[in-house]
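Asks: One structure, pasted below without further comment.
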Amino acid sequence: MKLRVLVDNNTFINMYYLGEPAVSYYIEDEGEKILFDAGYSDAYMKNAKSMGIDLSDVSKLVISHGHNDHTGGLPFILEKCRNLEIITHPKTFIEKMDEGEDIGSPYDEEMVRKYAKLSLSKKPVNITNNLIYLGEIPQTTSFETRDIIGVTDRDNHPDDILEDSAMCYKTDKGIFIITGCSHSGICNIIEYAKKVTGDNRVYGVIGGFHLFDKDERLASTIEYLKKENIPNLYPCHCISLDAKIEMGKVMEIREVGVGMEVDI
Ligand SMILES: [Zn+2]
Ligand SMILES: [Zn+2]
């Protein structure tokens, strides 16, 4: 499995790609071309072109959740790929508003169906033999409660971002987890990935960790991650410098930026 960061908040010196506070990863596995999240704008498409990656024959797009830093660039890939299957949770395309601002997908479910085959699932879905979309993440840790960000409809129903999910890849050395924002809790996601695969060895994690403040949750998360002894930790997208510094005191973490490649 090869993963290339098409868009991230961070860019590397001397690598002249576009950065934006969003997520999009290009994955190749078993001859299948897969996209994980679609960024905020068309930056991921422009970066892919600069990297020599042809996105026109991507067959599957997995969407972690509905926020527009993961779905904003959706119209561009739908325009380019005519045989795309989108795999995500049934709640991904619901309306999402925060302080009067639309923070959800630019296309709703009906619109998406006009362009692509839409596979909505709360259950895990095999993307390739070893790559799995996890579906709805159960809450198993005591310290990771669900975030509420904005509302989901005109009745002002609080949005607990229930759809927030991730992918995991089975390797000989353990599981490698790919997250969007980890609104469901990074430890809840890891625990569920272990359960789904039946493998308790975590070889790596890349993606948003959703950790910002130096609080109880961060302390408990760090304690958990330290115990897991994960050799390849790539926290990015939604993690503060403070949180990274705290993590870096007790474990090795790696930098992520646009253009970076992970080859497993
Ligand atoms: Zn989000
Ligand atoms: Zn995000």
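Please treat every number below as a calculation from the coordinates, not as lab data. Since we're looking at a predicted model, the values are computed, not measured. For neighbour counting, all protein chains shown are included, and Cβ atoms are generated from backbone atoms with ideal geometry for every residue, glycine included.
Asks: Go through (1) surrounded by 18 or more Cβ atoms within 10 Å (Cβ to Cβ); (2) of a type in the set (A, V, I, L, M, F, W, C); (3) outside any loop (DSSP other than H, G, I, E, B) one by one and return the number of the condition Cys181 breaks.
Replies: Failed condition: (3).
Asks: So which residues in region 84-103 are in contact with a strand residue (DSSP E or B) (Cβ under 8 Å, 6 or more places away or on another chain), without any contact (Cβ under 8 Å) to a residue 40 or more places away in the chain and either in a loop (DSSP other than H, G, I, E, B) or among the polar types (S, T, N, Q) (or both)?
Replies: Residue satisfying the conditions is Leu84 alone.
Asks: Does at least one position in region 15-24 carry a residue that is under 24 Å from Ile132 (Cα atoms), of a type in the set (S, T, N, Q) and part of a loop (DSSP other than H, G, I, E, B)? Write out each step before concluding.
Replies: In the first step, residues of region 15-24 are kept if they are under 24 Å from Ile132 (Cα atoms); the result is 22-24.
From what's left, of a type in the set (S, T, N, Q): 24.
After this cut, where a residue has to be part of a loop (DSSP other than H, G, I, E, B) as well, the list is none.
No, every residue in region 15-24 fails to be under 24 Å from Ile132 (Cα atoms), of a type in the set (S, T, N, Q) and part of a loop (DSSP other than H, G, I, E, B).
Asks: Take Gly135 and decide whether it is within 17 Å of the chain's Cα centre (by Cα) and within 16 Å of ligand 2 (Cβ to nearest atom). It would help to see each step written out before you state the result.
Replies: Details: within 17 Å of the chain's Cα centre (by Cα): yes; within 16 Å of ligand 2 (Cβ to nearest atom): no.
Against the criterion (within 17 Å of the chain's Cα centre (by Cα) and within 16 Å of ligand 2 (Cβ to nearest atom)), Gly135 does not qualify.
Asks: Within region 37-67, can you find the residues that are of a type in the set (Asp, Glu) and either touching a residue at least 12 places away in the same chain (Cβ under 8 Å) or within 16 Å of ligand 1 (Cβ to nearest atom) (or both)? First the steps, then the outcome.
Replies: Residues of region 37-67 of a type in the set (Asp, Glu): 37, 42, 54, 57.
Matches in region 37-67: Asp37, Asp42, Asp57.
Asks: If you take the residues of region 56-108 that are more than 16 Å from ligand 2 (Cβ to nearest atom), surrounded by 16 or more Cβ atoms within 10 Å (Cβ to Cβ) and of a type in the set (Asp, Glu), which of them is farthest from Gly150 (Cα to Cα)?
Replies: Glu85
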